Every structure is written in C-alpha cells, then in structure tokens.
Amino acid sequence: MTKDDFAATLAAKTDLSKAKATEVLECIFASESGRGIIATELGSGRAFTITGFGKFDTRVRKARKGRNPQSGETIWISARAVPTFKPAQGLKSAVSALTPTDAPEETPSAPEDTGSTGGWWRG
C-alpha cells in the first residue's frame with residue numbers, strides 16, 4: 001500500500017476528503033523532525049507508543065569497526081541513534097493469522113557440536 005492508497009482508504013473510512021486525509025498522514029508520518037509527530041518524538045529522545053499496534057523508539061548503536069566493501073579497508077563507524085519498532089501483541093496476532101496453517105513447519109537445525117573447538121560457531 002502506498003501513501004496515496006493509505007490516504008484514499010482513510011478518506012473512505014472517515015468523513016475526510018482525500019486531501020485532508022493526506023494532510024493528516026503527513027502530520028503523523030513526515031520524516032522531518034518538527035513536521036511529523038512520530039519523527040519529532042523520536043528526535044527528542046522520547047518513545048511513541050500506539051496501544052495494540054506497537055512502539056517506536058530509538059536505540060544507540062555503539063561505535064564499531066566496519067569494512068569498506070569496495071576496498072576491503074577497515075573503517076571506523078561512529079556511534080549513532082537509530083529508530084526501532086517493536087510490534088504489539090495485537091499486530092503480531094493479526095499478521096500471524098495470515099500464515100497458512102496447513103503448510104508443514106520447518107525448523108532449521110544447527111550443525112552438530114564437534115567438541116574440539118568449543119562449539120559449532122567457532123571455526
């Protein structure tokens with residue numbers, strides 16, 4: 001669904017015109033701090049929770065070493081805040097209801113522990 005589709009659906013479900021619905025969506029979801037409600041809250045370091053839907057929050061990723069994929073050179077990636085989203089149980093339930101129940105459930109198995117290296121995850 002695109003933002004235009006979202007605005008049309010919102011307008012159809014409420015007494016708003018499509019233009020007003022688009023304006024409402026911009027007010028909520030605009031990514032510029034100061035315009036969008038969610039971006040403003042996150043930019044101020046506050047979480048934004050919609051009960052039954054989920055929680056938008058920020059998390060600080062620590063500084064770390066990385067690698068330039070073109071040159072192979074080791075680079076330093078500075079610490080930064082990143083947005084996160086944690087879905088609420090209501091949203092998880094709505095999405096899981098879409099999963100086919102008649103499909104066989106496959107679970108990946110981990111390689112067996114050889115014992116000699118202290119665990120399968122170590123080379």
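Remarks
- Between Thr49 and Ala97, residue separation times 0.36 nm minus the direct Cα-Cα distance comes to 15.0 nm.
- Partner lysines whose Cα lies under 24 Å from the Cα of Lys86, excluding those fewer than 8 positions away in the same chain, are identified as Lys3, Lys55, Lys62.
- Residues whose amide H comes within less than 5 Å of that of Ala30, counting only those at least five positions distant or on another chain, are Gly36, Ile37 (H built at 1.01 Å from N in the peptide plane).
- Segment 3-90, relative contact order [Cα under 8 Å, separation at least 6], %: 18
- Across the options Ile77, Thr49, Ser31, the greatest Cα extent toward the positive end of the charge dipole of segment 3-90 (unit charges at beta carbon of Lys, Arg, Asp, Glu) belongs to Ile77.
- Applied to segment 76-91, the Karplus parametrisation 6.51 cos²θ - 1.76 cosθ + 1.60 on θ = phi - 60° returns per-residue 3J(HN,Hα) values of 9, 9, 6, 5, 7, 8, 10, x, 10, 9, 10, x, 7, 4, x, 5 Hz, with x for Gly and Pro.
- 3J(HN,Hα) along segment 62-68: 6, 5, 7, 7, x, 9, 6 Hz, from the Karplus curve 6.51 cos²θ - 1.76 cosθ + 1.60 with θ = phi - 60°, whole Hz, x for Gly and Pro.
- Annotation: for a label point projected 7 angstrom from Cα along Cα→Cβ of Lys86, residues of segment 44-66 with backbone N closer than 14 Å are 47-60.
Since every read-out is calculated from the coordinates, none of them should be taken as a lab result. Please read these numbers as outputs of a predicted model, since none were measured by experiment. Cβ sites come from the backbone with ideal geometry, for glycine too, and all protein chains shown count toward neighbours.
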